[in-house]
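Here the structure is laid out as structure tokens; the discussion comes afterwards.
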Amino acid sequence: YYPLPVKFNFNYLMVKAFNIADKFCVHSADMTWHISPRIAEARQKFAKVNPQSYKYLTVPLTYAQNIQRFKPLEEVERYTIGFVGTLSENQGLQLLIKAMPEIIKKIPQVRVKIIGKGPYELTLKKMANDAGLNSYLNFVGFIREEEKVLNILANCAIGVAPWTCSPDDNILYADPGKPKLYAFCGIPTVITNGTPIAQELNSRRAGVSINYDRVELARAIIELLGDETKLKEYKKNSSELARDYTSEKIFDRVFQEMIQVEGKR
């Protein structure tokens, strides 16, 4: 659910129009699916729609069971950090670049593989070059073949999702796929606070949630990569979390819930 942009511009008008259309849809539908438990909160905040005025179920983002893979720590690139996504400012990779010098001091073997392209790519590459980090960061680019992406991630030790989580970032009211994709590849996530999945990763010891802060990011990565026992535990927990978010498991539950709701009408 898109929050209203902080600045008044064309995008502000587009989001406002979306809110109006969305309000009509939820009141016209028999049932609404929310991808995040925060959708109801966002709809009430930005479109003034009372959550009690319509029926909804939370249907989180899922992946097919057959993409799940797990590699023992002994078979992966032990000190490699993975990232996949659009290279935009809100993805927060600039924070990782700023944290790298501190990480390198403690773990000189560290490397980063960045999959994706986007409008912030040149800025990120310049930051890396200016900081003398070209030998540590590998900008892989966009990869069309899903299997290649999954294999690269599964060969990493951890993944990062350092969103900036600004007040008008749509990630706040979403269920982002990145950390779940990492979990399906058997790697824990270092993630910024702001989404329900960040809280779940932290509580299930399948990842570490942090504030958008360079020192916190460096510390979390160093603690995971520097502790083999902890990293093995977090990898195992990540795979267990992924099993709870397969399409097969989630949709079986959701359709059963819909039948129960319809039966009460």
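The values are calculated or read from the model by the stated rules, or taken from the named source; none is laboratory data. Keep in mind the model is a prediction, meaning the values are calculated, not measured. FYI the Cβ positions are ideal-geometry reconstructions off the backbone, even for glycines, and counts take in every protein chain you see.
So which residues in the stretch 202-220 are touching a residue at least 60 places away in the same chain (Cβ under 8 Å) and either within 15 Å of Leu181 (Cα to Cα) or crowded, with 22+ Cβ neighbours inside 10 Å (or both)?
Answer for the stretch 202-220, where residues must be touching a residue at least 60 places away in the same chain (Cβ under 8 Å) and either within 15 Å of Leu181 (Cα to Cα) or crowded, with 22+ Cβ neighbours inside 10 Å (or both): Leu217, Ala218.
Do the conditions hold for Gln199, that is, is it in the same structural domain as Lys180 (by TED's automatic domain parsing), without any contact (Cβ under 8 Å) to a residue 24 or more places away in the chain and not basic (Lys, Arg)? First the steps, then the outcome.
Values: in the same structural domain as Lys180 (by TED's automatic domain parsing): yes; without any contact (Cβ under 8 Å) to a residue 24 or more places away in the chain: yes; not basic (Lys, Arg): yes.
Yes.
Counting only residues that are under 16 Å from Ile187 (Cβ atoms), give me the strands (runs of 3 or more DSSP E) lying completely in the stretch 52-171 with at least 2 of them. Lay out the reasoning, then the answer.
Working: elements: 56-58, 80-84, 111-115, 137-141, 158-161.
Once the strands (runs of 3 or more DSSP E) in the stretch 52-171 are filtered for at least 2 residues that are under 16 Å from Ile187 (Cβ atoms), what remains is 80-84, 111-115, 158-161.
Please work out if Arg43 is not assigned by TED's automatic domain parsing to the domain that holds Asn155 and not β-branched (Val, Ile, Thr). Step through it out loud before you land on a result.
Numbers: not assigned by TED's automatic domain parsing to the domain that holds Asn155: yes; not β-branched (Val, Ile, Thr): yes.
So Arg43 passes the test.
One residue is enough: does the stretch 133-145 have a residue meeting the conditions within 27 Å of Glu41 (Cα to Cα), basic (Lys, Arg) and at pLDDT 95 or above? Break it down stepwise before answering.
From the stretch 133-145, those within 27 Å of Glu41 (Cα to Cα) are none; that's our starting set.
No; the residues of the stretch 133-145 include none that is within 27 Å of Glu41 (Cα to Cα), basic (Lys, Arg) and at pLDDT 95 or above.
For the stretch 14-37, which positions are farther than 16 Å from Asp169 by Cα and in a helix (DSSP H, G or I)?
Within the stretch 14-37, Ala17, Ile20, Ala21, Asp22, Lys23, Phe24, Cys25, Val26, His27, Ser28 qualify.
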